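Worksheet for the structure shown next.
The values are calculated or read from the model by the stated rules, or taken from the named source; none is laboratory data. Because the structure is predicted, anything quoted here is derived from the model rather than measured. Cβ: placed from backbone, ideal geometry, glycine included. Neighbour counts: every protein chain shown.
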Amino acid sequence: MPRYSEALAILYQENIFHFRGAPGLLRFIGSISPIQQQALHYIHISTVVTIDTVHHCCSAPPWPPEILPEWQEACKTLGSLSSLRSLRLDITVMYRCEAWINLVLKPVLEALRNLKVKVFEVELNVEMTEDLKRSLGDVDFAITSKKRPYNEQLYGTIDSLEMGRRPARTEEWGIWPRGIRHRSTIQETLDMLTVWR
């Protein structure tokens, strides 16, 4: 019969742990012992970010999308995992206009700056703008862009994710075209993106 230390190595050191966003990671880490936490070697996180990631409501909305304070907490938690060898992130950016890409991605990617992992990769569904690349500077992770459709099986139906829940602030951001309803589903947003291009 295998001993606890042998089982620990098999379960935590050899498997890739997949999480849907910061909430899943934080709940999992909070449910295991510090010994188990330090045995984790491989983590993969898939998540969605929108304008609500940065300008979220006072109460945390259901995930997705990420909300920045929780994402930053998850990044600090990842930094405390000293045995982590591989961290792979798939970040889906849902946006209404290109200005949102910088606004949303900059704080999300900056939260990753202090992580030191041997294999550290971030895959985005959008191309990073030159402004964003300049403002981020050198980072210790590889960033790739790969167009991919929204994954309803992973994140839920597209209708369940709303962006721009705070109409009072949207005019202040100066990035909402005239005539667009402030509460729109992702499908409406995707339809509008086709029109804007």
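Here's a check for you: in region 92-147, which residue that is part of a helix (DSSP H, G or I) and β-branched (Val, Ile, Thr) is surrounded by the fewest Cβ atoms within 10 Å (Cβ to Cβ)? So, considering only residues that are part of a helix (DSSP H, G or I) and β-branched (Val, Ile, Thr), the one surrounded by the fewest Cβ atoms within 10 Å (Cβ to Cβ) is ILE101. The single condition from (1) more than 16 Å from PHE141 (Cβ to Cβ); (2) at pLDDT below 95; (3) not acidic (Asp, Glu) that THR77 fails is (2). Restricting attention to region 18-38, the residues that are out of contact with any helix residue (DSSP H, G or I) (no Cβ under 7 Å at 6 or more places or on another chain), closer than 18 Å to SER86 by Cβ and outside any helix (DSSP H, G or I) total 1.
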